[in-house]
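Only the coordinates and a few stated rules stand behind these numbers; no lab work does. This one's a predicted model, so the numbers in the text were calculated from it and none came from an experiment. Note that each Cβ is placed from the backbone with ideal geometry, even for glycine, and that neighbours are counted across all protein chains shown.
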Amino acid sequence: MTVPATTLIDITMPASEEATEAVVMGWFKQPGDPVSEHEPLLEVSTDKVTMEVAAPASGVLREILKRENETVAPGEVLGRIATGEEAEHTTKADLDGARAPEASASLSSPYPIPEKAPDRRLRLSPLVKRMLREHDLDPARIPGTGRGGRITHKDVLAYLERMPAAPAPPSSGAIPSRMVPHTPIRRRVAERMVESMLRTAPHVTAVFDADLTAVVEHRAERKAAFAEKGVKLTYTAYFVKAAVEALQAVPEVNSRWHDDALEIFEDVNVGVATALGKKGLIVPVIHQAQLLGLFGIATKLQTLAEKARAGTLQAEEVQRGTFTITNHGVSGSLVATPIINQPQSAILGIGKIEKRITVAEERGRDVIRISPRAYVTLTIDHRALDGFTANLFLSKFVEALEHWNERP
């Protein structure tokens, strides 16, 4: 009998310029299962997005190299697909030893899945099955938003958030409490913040006070026209536009530190921190923001924010950022010292807009004014930048905001 030639195709973790690590959330297929090209094979979660990895070719899943909860890096091989004659001669019985832990009793679903169940229940990932078991949930009660109505781990988390919290039973000497599992995004954000602040970059923050009178007036005049075109004109759009102008005036801030040089980027790719409620935050990126006007920036902001909160951001929409803005003032914060989004060199913080009394000089006399103002901060990587550069950037940023109506 002639042994068929082996043809194996690697399933690799998609590459990322930021070299972001990911965690395998679960496989949809097991060794021996037939697969089609572009069919989702597994789900991975980075600190920014959860995404599916598709099959690079049609055939049979030959082996799984990275299992649930294992960390993977861009370009790393996750598994292999057998194609051609190898696929035709590969059976599930041949591959029992290569199966992932999903087939074990400890990870089996607590709810038997009938042979004729809908596809969305037949394709529960190991992570979803474990979550169902841990929280004693019936999958039939959970709406699925994945392909073909498949239940994703996000659907389970959303369902848990809607459920009333059950307090832990009090014990002798214990304080009543409840445990809320961390979301993958929350865990990865925590890891990156510790890495940035404590192990990578010495942080220094400069604080300026910006008069937003011109911006408030300009927005009042334009927001109705923007709304007619289906776009909400937010103050964040002004902050992004002013930041772009400041970065072009002080390009060293739009950079990345290397041990032998400072890499200064030509494109201004502005990431905007977007809160996801209790799940954490994510930073979608406006690429080549230097080519966009106020309307273009406002449009991108609206689209990215909607996709972020719906959990539909694509990997490329959270990659290749060169500078980050966090508008923490929308939730009432006056001043903050944000942590740098590595591997960038700086992050801009915007405080709450509020009317304040200030003293100004007019014709040699002090006068009292009431104007809308906000504290703005720039936190820098002191390896790459110094206080002079930070202050110069903030001066240009504030100048752009305060003289908005004087622009050409």
Which residues' amide hydrogens lie under 5 Å from the amide hydrogen of Ala55, considering only partners 5 or more residues apart or on another chain, with H built in the peptide plane? His38, Glu39, Leu41
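For every other residue with a beta carbon closer than 15 angstrom to the beta carbon of Ala384, add +1 if it is Lys or Arg and -1 if Asp or Glu, then tell me the sum. If you can, show how the numbers build up before the last one.
On the way: positive: Arg256, Arg383; negative: Glu252, Asp259, Asp260, Glu263, Asp381, Asp386.
Summing Lys and Arg as +1 and Asp and Glu as -1 gives -4.
Starting from the exponent 0.38 and prefactor 2.2 Å, build the expected Rg for the range 212-355 from its residue count and divide its actual Cα Rg by it.
On the way: Rg = 15.2 Å, N = 144, 2.2 N^0.38 = 14.5 Å.
Ratio of Cα Rg to 2.2 N^0.38 Å: 1.04.
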Most packed first (mean Cβ within 10 Å per residue), the peptides 235-246, 251-262 order as 235-246, 251-262
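With the cut-off at 25 Å, tell me which of the pairs Lys279/Lys307; Lys66/Lys129; Lys29/Lys154; Lys241/Lys279; Lys66/Lys307; Lys278/Lys355 have Cα atoms farther apart than that.
Values: Lys279/Lys307 15 Å; Lys66/Lys129 18 Å; Lys29/Lys154 19 Å; Lys241/Lys279 28 Å; Lys66/Lys307 29 Å; Lys278/Lys355 30 Å.
Distance filter (> 25 Å) returns Lys241/Lys279; Lys66/Lys307; Lys278/Lys355.
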Quick check: residue separation of Glu266 and Met163 times 0.36 nm, minus the Cα distance between them. What number comes out in nm? 32.3 nm
